[in-house]
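What follows is one structure encoded as structure tokens, with my remarks underneath.
The values are calculated or read from the model by the stated rules, or taken from the named source; none is laboratory data. Here the structure is a predicted model, which is why all the values come from computation and not from measurement. All Cβ positions, even for glycine, are placed from backbone atoms using ideal geometry, and neighbour counts span all protein chains on display. Side chains included, ligands, DNA and RNA excluded: accessible areas come from the protein's heavy atoms. Shrake-Rupley method; radii C 1.70, N 1.55, O 1.52, S 1.80 Å.
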Amino acid sequence: MTDYKSLFTGRSDAPQAPASHLTPPKYRLLLVDDEPGIVNALRRVFRQENYEIVTANSGQDGLARLAEGPVQLVISDFMMPGMNGAQFLREVKQRSPDTIRIMLTGHANTDAVMGAINEGAVYKFILKPWNDDDLRVTVALALEQFDLITRNRALKTENAQKAKEISALSKLAATHRSRLGIMLHKKNLLSSAQLQELTLLQERRSEPMIALLLEKDWVEERKIRKLLTSDLLIEEVQLPEFAIDPVLTEIIPRSFCSRQLVVPLKLQGKHLMIAMADPLDEGLVDEVRFTAGLDLQIVTADVAAIRKKIEEVYGSGSDVDFKELETLIASPDPYEGIEIVIEDDDGARLEDLLRETEAPPAIRLANAIIIEAIRLGASDIHIQPRTKSVVVRYRIDGVLIDKIQIPHQQHQSLVSRLKIMSELDISERRHPQDGRITVKTPMRMVDLRISTLPTINGEKVVMRILDRNSAVHSLANLGFSPVDLPRVTDTVARPQGIILATGPTGSGKTTTLYSLLQHDATPDKNYVTIEDPVEYYLDMAGQVLVREKIGLTFPSVLRALLRQDPDVILLGEIRDFETAEVAFHAALTGHLVYSTLHTNSAVATIARLFDLGLKPYVVASALEGIIAQRLVRQVCPKCREAVAADPALRRRLGGDYAGIQQTFRGRGCTDCHGTGYKGRVALYEVLAMDDELRDCIGSGASVLEIRRKVRGKGQRGIGQHGLEKVQAGVTTLDEILRVLGPQAGESS
């Protein structure tokens, strides 16, 4: 009997499997370097791992050790006497293709690097000096990939053995809902008994209605075509006139076409023209639409012509084809099976675009760019074509840094690869496009929002990285000042109302909102979030992803959500009057609402709400607090040193900053990659509402009047919090100027 008790108690009486199956396999690693010190250092990195370490001092020695037994992973230096690292790894690939190959180098030899990438000889490059933790993680991920490849090969063998069984079972999945028999019955071409017999026969054999009709020879096919064209205005085509692009055979497999009597004819944008023997079979139309992932333009043709065209396009052969089955049920590449929409009007052939995209350099380069960004903790990836080369730039701690230069000839295939991964049109290079990519590794899951923009040098691609595994910070760890923290805590404790976090894109608003949401969260409340995209994942909350393409917008979801008995609502962003109106209505009817706005300060948020169209009395009644924020880089604690404040910076900042005599800066070390900064810290301005402020807002006071009232109550601006961070040595005057600008005229 099923052990249901464990679902409620957490304990199970069922016997447990022995722990021996959890023992990880023993991996064999080959370390090749002509410097004994490097080899010993690599040994120390893996001394606590369950690896068998084998070493060699040259390429030839490494090949000899490789011949002694299977090796799962090789780490080789590049600069070695005799056979260099690239030559050695090429030879390793020839002798043991499954072995994961990592190159260790301290020399930026671009030609060697690109040559090794093009040949697929190297899984990853690691620069000296390496970070031990990063190297351990890289090797662990590489070995995980080795296991996945091995298991995938075993699954392919198993699938090949069961191909006929799967093909037979797939016939049972066909859902035929043809109206052809009913139409012929109404036209007195079929009797009731014949229609009933056809229906029973179709249920038993799972074959198309048209095929059974022709088998019984009850109605001539010519009469059926005439009815379809004259009564239902379905276009009939002459298939010999169509020259079908062979690439279309990848969209719908041959076995499916043969069994259902359909054939793809032409792809135009997102519309696929397809010839069907029975265009009245609604179940079949739905199945084709699902299989192709495209909008369909249905035409009809004779059964004999369709079968002949299938033979012409797909070639002769049996219906059972393992390659086709793999297209339907398996995917060796995690990004295969994605909808690809092509418009062949830009001079590039369809086959060439797809072939370039699947070439190993494009795949490896795209993967390397994304993985390196995740490793470095970047928030954005910019792939920017310039006159002489393509530059990959990472936004790390809010600042863009040039990291990789790519030859122009690889730009188009790289962009095409990213477009396919994010379900974009790879042939459309004249208009901006937006999409999403989900990157899964054994340790992390990361969402990427991708945007393309045509420039004079080619398409620019920007990807925003959203880590699903990011931890939500507590309020105490967000960096509020001792003055502001009690105000925030009191505001969050309110049972209803709306609390807004404001600031530019990338200023940490969502992080703040999730900390507020999780603060004092209890199981006796219903928490719901509406976001685009979902940046943090919380089990205790029901999280809704906005999808505007299908009409799932912020206001529509929010209205539906109010019928779900929510206590606390987190609304990703207030973008328009409709969203603002529903959000403030929810706040006025007993719900606690958190949301964000793009404004420059807490007081300016009130003006922005008026500008959206909200009434002053609504804002005054529902608004409980505003948190304006910015992110500045934090001085690296490892290389921090005290310096005299730059007089020019003090003058430019002005205000209270003019009196600063000493600040701190980072000299630059390996820990901060020579930048002097590591991590970021938030600057806040907290506006807490009271009766006097509500009266001022409700009476329609100007922003200047509200600002004077706020300052008169001792509520400080964001610049004052920045001053405290500079004085404490947390950040620098340069960062304050970069993020906040001159502060002359800003009073404390």
Q: Only loop residues by DSSP count here, and only those with at most 15 other Cβ atoms within 10 Å; note down the trypsin sites (Lys or Arg not before Pro) in the stretch 658-727 that meet that.
A: R667, K713
(Q) For the stretch 124-163, report the % of Cα-Cα distances exceeding 12 Å. (A) 67 percent
Q) Which value in Å is the Kirkwood Rh of the stretch 180-314 over different Cα pairs? A) 15.4 Å
Q | Residues of the stretch 657-671 with amide N under 15 Å of a point placed 7 Å along Cα→Cβ from A644 | A | 660-664
(Q) Taking 0.36 nm per residue of sequence separation and subtracting the Cα-Cα distance, how much length would be gained by fully extending the chain between D133 and S699, in nm to one decimal? (A) 197.8 nm
Q: Give the carbon-plus-sulfur fraction of the accessible surface of the stretch 475-740 in %, rounded to a whole number; probe 1.4 Å, heavy atoms of protein chains only.
A: 48 percent
Q: Express the accessible area of the stretch 27-150 per residue in Å², computed with a 1.4 Å probe while the remaining protein chains stay in the model.
A: 47 Å²
**Q.** Distance (nanometres) between label positions extended 7 Å along Cα→Cβ at A305 and T455
**A.** 5.1 nm
**Q.** Gain upon complete extension [R711, A243; 0.36 nm per residue less C-alpha separation]
**A.** 161.0 nm
Q) Along its principal axes, what span do the Cα atoms of the stretch 475-740 show, with the longest given first and each in whole Å? A) 59, 43, 34
**Q.** Hits among lysines - C-alpha to C-alpha of K725 under 18 Å, sequence gap 8 or more where chains match
**A.** K638, K678
(Q) Restricting everything to alpha-carbon atoms, can you work out Rg to Rh for the stretch 27-150 with a Kirkwood hydrodynamic radius? (A) 0.92
Q: Arrange the peptides 219-225, 460-466 so that the one whose residues have, on average, the most other Cβ atoms within 10 Å appears first.
A: 460-466, 219-225
**Q.** Gain upon complete extension [N40, T505; 0.36 nm per residue less C-alpha separation]
**A.** 162.8 nm
**Q.** Electrostatic dipole magnitude of the stretch 614-748 [Cβ: Lys, Arg +1; Asp, Glu -1; Cα centre; debye, to 20]
**A.** 460 debye
**Q.** R738/L588 FRET efficiency (R0 56 Å; Cβ-Cβ; nearest 0.05)
**A.** 0.90
Q. In debye, nearest 20: dipole of the stretch 475-740 around its Cα centre with unit charges on the Cβ of K, R (+) and D, E (-)?
A. 1040 debye
(Q) Rounded to the nearest percent, how much of the accessible area of the stretch 180-314 (1.4 Å probe, protein heavy atoms only) is carbon and sulfur? (A) 49 percent
Q: Take the alpha carbon atoms of the stretch 458-528, find their center, do the same for the stretch 204-231, and report the distance between the two centers in whole angstrom.
A: 63 Å
Q) Using +1 on the beta carbon of Lys and Arg, -1 on that of Asp and Glu, and nothing else charged, what's the dipole of the stretch 180-314 about the Cα centre, debye to 20? A) 140 debye
Q.
Taking 8 Å as the Cα distance limit and 6 or more residues as the minimum spacing, I'd like the relative contact order of the stretch 27-150 as a percentage.
A. 23 percent
